[in-house]
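Some notes on the structure that comes next.
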Amino acid sequence: MIRLVVALAMLASAAALAAAQSLRFGNASHPIEPNPSYDGQFIFARLRYGPPLAMVNQRIPWSHDYPDGERHFMQIMHEVTYLRPKFLESTVLALDDPQLGRYPLAYMAEPGFWFVTEAEAEAFRAWLLKGGFVIFDDFAEDRAPGWRGGWNAFVTTFQRIIPGIRFYDLDESHPIFHSFFEIDSFDIVPQMYDIGRPIFRAAFEDNDPSKRMLAMVNFNTDISEFWEFSPSGLLPITETNEAYKLGVNYVIYGMTH
């Protein structure tokens with residue numbers, strides 16, 4: 001815990017300029033950068049989907065918190081683990097990009113808005129069943145009147161990828177919450193703007209929770225928002241710590257199972 005606080009302090013000191021950029025809600029002025037060349041070093045892989053969808057004051061939903069969220073998070077991974085990821089770069093991939101097979105772990109923001117073509121569904125299914133692990137973050141049912149980016153839309157799309165897939169609510173005893181940091185209670189998980197408690201769900205091979213986890217879902221919360229704003233001083237370090245701890249656990253679990 002002390003090491004994570006120290007790492008956050010280093011991140012805040014080293015990223016003053018990034019913090020100033022982040023205070024523009026959603027970092028909407030930052031262009032999507034070209035992907036770096038693959039060299040085998042772990043890198044944060046963000047999934048993109050569909051044509052651009054307009055949202056007030058932000059860019060397309062899959063790009064929320066890009067690039068500061070993942071790069072701040074990878075700096076923490078670099079400081080507290082031996083994974084040694086790239087932390088000045090990240091990569092963005094479509095679900096049917098042949099390069100996705102090189103990346104064992106991927107992340108998607110705002111999955112309530114995603115949809116897939118048949119080609120994307122087939123390619124992403126193959127990646128998941130081959131050993132891929134995906135983290136979904138930043139969606140809820142009732143953020144605004146007429147909100148359409150909720151749970152049912154997400155499940156409908158995911159079932160196009162793996163027909164009949166089920167999602168199971170996880171409690172604090174699941175090993176993913178103890179794979180690096182000990183997360184013994186969800187009461188300590190911070191909320192950025194969603195009302196109520198975060199809900200953590202997962203999908204497994206053959207709908208069997210004793211088998212490999214395919215997908216981890218942060219529902220009714222936005223963990224990466226804490227990653228993005230961590231150097232800004234906008235949020236308490238104690239809250240940001242918990243958001244980082246969840247992310248670290250997910251990556252360590254996904255890379256070791």
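Quick notes on this one:
- The trypsin sites (Lys or Arg not before Pro) found in the stretch 207-257 that occupy coil by DSSP, while having at most 12 further C-beta atoms within 10 Å, are Lys211.
- When peptides 122-130, 186-194 are ranked by their average number of other Cβ atoms within 10 Å per residue, the highest-first order is 122-130, 186-194.
- Distant-in-sequence amide contacts of Phe133, defined by a placed amide H-H separation under 5 Å and a gap of 5 or more residues or a different chain, comprise Leu105, Ala106.
Any read-out appearing in this document is the output of simple, stated calculations on the displayed coordinates, not a laboratory observation. Keep in mind that what you see is a predicted model, and the values were worked out from it rather than measured. Because the Cβ atoms are built from the backbone with ideal geometry, glycine has one as well, and the counts that use them run over all protein chains shown.
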